[in-house]
Every structure is written in C-alpha cells, then in structure tokens.
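For reference, the structure discussed in these notes is given below.
The values are calculated or read from the model by the stated rules, or taken from the named source; none is laboratory data. Bear in mind the structure is a predicted one, so any value in this text is a computation, not a measurement. Quick reminder, even Gly has a Cβ in these numbers, built from the backbone with ideal geometry, and neighbours come from all protein chains shown.
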Amino acid sequence: MTIPDDKDARIARLEAKLAEAEERLQRQEEFFQMAVHDLRSPLSAIVVYAELLMNRVMGDLDNRQLEPIRTIHRNCNNLIRMAEDVLASAKVRAGAVVPRFEPGDVTEIVRESVRSLQGLADAKNVHISLQQPEARFLRPLDVDFLTRAFSNVLGNAIKFSPHGGEIRIGLECDEREIRVAFTDEGPGISPEKRDEIFQKFRRGDAGSVSGHGLGLSIAQYFIDLHGGRILVEGVRGRGSTFLVGLPVS
Ligand SMILES: Nc1ncnc2c1ncn2[C@@H]1O[C@H](COP(=O)(O)OP(=O)(O)O)[C@@H](O)[C@H]1O
Ligand SMILES: [Mg+2]
C-alpha cells in the first residue's frame, strides 16, 4: 500500500511548510508592530518642536513661516493617529488586548471625534455640525475603539471636503439600531468602489489626496467588534454619506 504512505508524507511536508509560514508571519507581525511603535517617539518629538515654533517660544515668526510649520504639525499628528490605530487593531487581532464594553453614549463618542479633529477642519475652514447634539444614544461600547472608528470616518470627510465645505453628522435610532451618518460635500465615491474601499490598502478615487488606504479597514474592524455595520452612500460628484449602524444592544 504505497499510496497512503505517499499521502501521509505529503501531508507531513505540507504541515511542516504551514508551520514555517505561520512562524514567519508571526515574526513579520511582531517586527511590524515594533516598527509602528517606534515611529511614535520621533513623530511626537517633531510635534512638540512644531508646537514650540508655532507658539513662538523660539522667537517671532510671520504667517508665511508659520504656515509650513502648521502643516508639519498636522501631518505628524495624522501619522501618530494612524500608527496608533494600526497598533490598536493589531493588538486586538493578536489577542493581546480585549475590548472593554461599558455602557456609553454614542453622541459623546461622536463629540470626542469632532473635538480631536477640529484643528484639521479649521485648517480647511470646514464646518462640522452635529444634528440633535443633546440627544443621548446609550449602548455598551469600547470608548477607545469606537472613537478611533468614528475619527477615521470623520477624518476622511474632512480630508475629502472642499475648502469651506460643510460636514453634517446625524444621529438617529429605532428599536433595532443606532445610526450615525457622516455627510460631506467632497467628490463622493463611484458605486463600483463602494465595497472595496473598506479593504486594506484600497484607495478609491482618491486622486492626489494623500493616504494609505488603511483607515476604513480599521474603522470597519472596530465597528465589527461592536456587532455593527458601515456602508457608504451618495451620488458621485455630490458628496458621500458614511453610515454606521450599531445594534441597540
Ligand atoms: N469622505 C470621503 N469622500 C470621498 N472618498 C472617500 C471618503 N472616505 C473614504 N474615501 C475613499 O475611500 C478610500 C479609502 O479610505 P481610507 O481607508 O480611509 O484610506 P485613505 O484615507 O488613506 O485613502 C479613500 O482613498 C477614498 O478613495
Ligand atoms: Mg482615511
């Protein structure tokens, strides 16, 4: 009976290959996490020095000199946020961190995301309005992960908005779902790209707008952790609406 022997040997070889590949992947992942982690310190130092310059601690500067420093400051903060998002999602995936769900108010998470990105919006003169700011929508949530999810969606809305554009954030709820809608006046997304933009490293019709195509995949991951969904609507050329739905309980 040579056939079973052959088969066994093949299976053993494949298993060995698989184990080797898994180990390699694990090492790559560890290296990647370390690299992302190490990015944080130099970037933070750049932010601190940019702030010293912006606050004129090193001497007076005129607007022409301040403008590029503000850009450095903004972009470094973007990179820090992205590095932290990648690290946070990698840690959950690796089981090193478990999401902590506690009763919370979704409106408050939206507000926190707006607060953290207000500077970015101001720099483009983009106005963000929150419909029904006094309403509360309560459910169990992980504050950190849901804030990261919303900040990515809102960060995109700002990034893709025209100068002086308007972003509207609407919140509503029925017996099944709490829904948050982020509507901007940017270029919108063509229907055939509406699924793929949620995949890693996929960028839609981003044109010259900078980015890495990671934000929405991370947002979707954190929303998945809450049992929720995210999708995009809108008419190409006339803005987009990103809709996040979170089951009530
Ligand atoms: N508000 C938006 N308006 C227009 N296009 C968007 C918007 N948000 C996301 N997109 C599209 O989805 C793509 C993926 O987004 P994301 O994963 O956040 O990556 P990045 O922002 O780095 O490009 C973007 O490159 C862009 O094509
Ligand atoms: Mg993005």
Problem set entry | Tally, over region 204-224, of residues that are among the hydroxyl-bearing types (Ser, Thr, Tyr), more than 17 Å from Val92 (Cβ to Cβ) and near ligand 2 (Cβ under 10 Å from one of its atoms) | 1
Exercise. If Ser161 passes every condition in (1) within 16 Å of ligand 2 (Cβ to nearest atom); (2) closer than 16 Å to Leu243 by Cα but one, which one does it miss?
Worked result: (2)
Exercise. Just one of Asn55, Asn77 is of a type outside the set (Phe, Trp, Tyr) and closer than 20 Å to Asp144 by Cα; which is it?
Worked result: Asn77
Seminar exercise, completed: Going through region 187-221 in order, the residues found to be surrounded by 12 or more Cβ atoms within 10 Å (Cβ to Cβ) and at positive phi are Gly188, Gly211, Gly213
Seminar exercise, completed: Considering residues that are over 18 Å from the mean Cα position of the chain (by Cα) and under 19 Å from Gly234 (Cα atoms), the number found within region 161-178 is 7
Seminar exercise, completed: Checked against (1) modelled with pLDDT of 90 or more; (2) farther than 30 Å from Lys159 by Cα, Arg27 satisfies every condition except (1)
Exercise. Which pairs have Cβ atoms under 7 Å, sit 6 or more apart or on different chains, and link a residue in region 166-181 that is of a type in the set (Gly, Ala, Ser) to one that is outside any strand (DSSP E or B)?
Worked result: Gly170/Gln131
For this session: Return yes or no: is Arg40 closer than 23 Å to Asp85 by Cα, of a type outside the set (Gly, Ala, Ser), without any contact (Cβ under 8 Å) to a residue 40 or more places away in the chain and assigned to a helix (DSSP H, G or I)?
Result: no
Problem set entry | Qualifying residues in region 101-143 (those that are within 30 Å of Val47 (Cα to Cα) and part of a loop (DSSP other than H, G, I, E, B)) - the one modelled with the lowest pLDDT | Lys124
Problem set entry | Among the residues listed as Arg139, Arg179, the single one being out of contact with any helix residue (DSSP H, G or I) (no Cβ under 9 Å at 6 or more places or on another chain), crowded, with 16+ Cβ neighbours inside 10 Å, of a type outside the set (A, V, I, L, M, F, W, C) and closer than 30 Å to Lys91 by Cβ | Arg179
Problem set entry | Unique residue being out of contact with any helix residue (DSSP H, G or I) (no Cβ under 9 Å at 6 or more places or on another chain), assigned to a helix (DSSP H, G or I), surrounded by 10 or more Cβ atoms within 10 Å (Cβ to Cβ) and acidic (Asp, Glu) when the list is Asp8, Asp85 | Asp8
Exercise. Between a first residue in region 222-241 that is without any contact (Cβ under 8 Å) to a residue 60 or more places away in the chain and a second residue that is assigned to a loop (DSSP other than H, G, I, E, B) and loosely packed, with under 15 Cβ neighbours inside 10 Å, which pairs have beta carbons less than 7 Å apart while being 6 or more apart in sequence or on different chains?
Worked result: Arg236/Ser190
